[in-house]
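A.B. asks: Quick one: the structure is below, and I'll ask about it shortly.
The numbers here are math on the coordinates, done by the rules we state, and not lab data. This structure is a prediction, so every number in the text was calculated from the model and none was measured. Cβ atoms come from the backbone with ideal geometry, glycine included; neighbour counts cover every protein chain shown.
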2 protein chains.
Amino acid sequence: MFQALADPARRGMVERLSRGPASVSELAQPLAMSLPAVMQHLAVLEASGIVRSQKVGRVRTCQIDPDALSLAETWINERRTLWAKRLDRLGDVLAANPDNGDSK
Amino acid sequence: MFQALADPARRGMVERLSRGPASVSELAQPLAMSLPAVMQHLAVLEASGIVRSQKVGRVRTCQIDPDALSLAETWINERRTLWAKRLDRLGDVLAANPDNGDSK
DNA sequence: TTGATACTTAAGTGAATGATTAACCAACAG
DNA sequence: CTGTTGGTTAATCATTCACTTAAGTATCAA
């Protein structure tokens, strides 16, 4: 999941897809690399659940699955707020001990 | 940044640090790997800005920088909500054409 | 001083990644 | 049917990753 977002090319693809669905070659167009390379990146994004795609005729159309993205988002958010709470408690302790040397 | 969170060992370290600061060997303890390996992971986390650390005597104490984490969080959030808005507009279009969604 | 503790650095290795080219398949278009 | 477009598969290759071991550097403790 984070693995999938680790590569800049893949983040570029997600960024493109966040503005609307796209075919494989549309995804490839701004990406200075061969089509097979794009396919491999697409496979990683699909495996991670971030992107879904279906083929109609000869063109495969890709789009984002927002649920998968929010999974990563909540993981980060939980760790971040956990730490923020710790800092708050530390602030409380310092405020409760005004005689402490480091209150400047 | 996402690169840094891509590895499970590194996510484990972040998880541990979100509950409070820790020394290098405290971070290493639950991690079935050698100390140098942990140091390398720590270096990646520090390079990405997720973790800060300082050495006092012979023990290096590590802690999270919540700002770095929220950077990744907002990136994901922006892409996710952008797509959600698209889905909303699609819903509007379908609701505005109750006779047949497929007007070609 | 001697020894243990807590890292740190350096060097090396096997596996995973990110890319390539070449060839192949399946719709259309004419 | 024939050629072109859009995608797919397969084989290959260089690099980067995630470790490892071995040896080195500071503290701290006795």
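A.B. asks: Once amide H atoms are placed 1.01 Å from N in the peptide plane, what residues at a sequence separation of 5 or more from A:Ser23, or on another chain, have their amide H within under 5 Å of its amide H?
C.D. replies: Residues meeting the criterion, in which the H sits 1.01 Å from N, are A:Cys62.
A.B. asks: For A:Lys55, place a label point 7 Å out from Cα along the Cα→Cβ vector, do the same in each other copy, and report the separations in nm, one decimal, smallest first.
C.D. replies: Output for A:Lys55: 5.7 nm, nearest copy listed first.
A.B. asks: Let me ask something else about it. Per DSSP H run of at least 4 residues, take -39500 (n - 2.57); add these up for the protein assembly as shown, divide by its residues and hand me the 222 nm value, nearest 500 deg cm²/dmol.
C.D. replies: -19000 deg cm²/dmol
A.B. asks: What number comes out for the charge environment of A:Ser70, summing +1 per Lys or Arg and -1 per Asp or Glu over other residues with Cβ under 13 Å away?
C.D. replies: Residues near A:Ser70 contribute -4 overall.
A.B. asks: Count the lysine pairs in the protein assembly as shown whose Cα atoms lie under 29 Å apart, taking only pairs 8 or more positions apart in sequence or on different chains. Numbers along the way, then the final one.
C.D. replies: On the way: A:Lys55/B:Lys85; A:Lys55/B:Lys104; A:Lys85/A:Lys104; A:Lys85/B:Lys55; A:Lys104/B:Lys55; B:Lys85/B:Lys104.
The result is 6.
A.B. asks: Please list the non-local residues whose amide H lies under 5 Å from the amide H of A:Asp65, H modeled 1.01 Å from N, same-chain partners needing a gap of 5 or more.
C.D. replies: Answer set, sorted by chain and number: A:Val51, A:Arg52.
A.B. asks: Okay, next question. Starting from the Cα gyration tensor of the range B:3-58, take the square roots of the eigenvalues, sort them a ≥ b ≥ c, and report rounded, prolate or oblate (rounded when a/c is under 1.5, otherwise prolate if a/b is larger than b/c, else oblate).
C.D. replies: rounded
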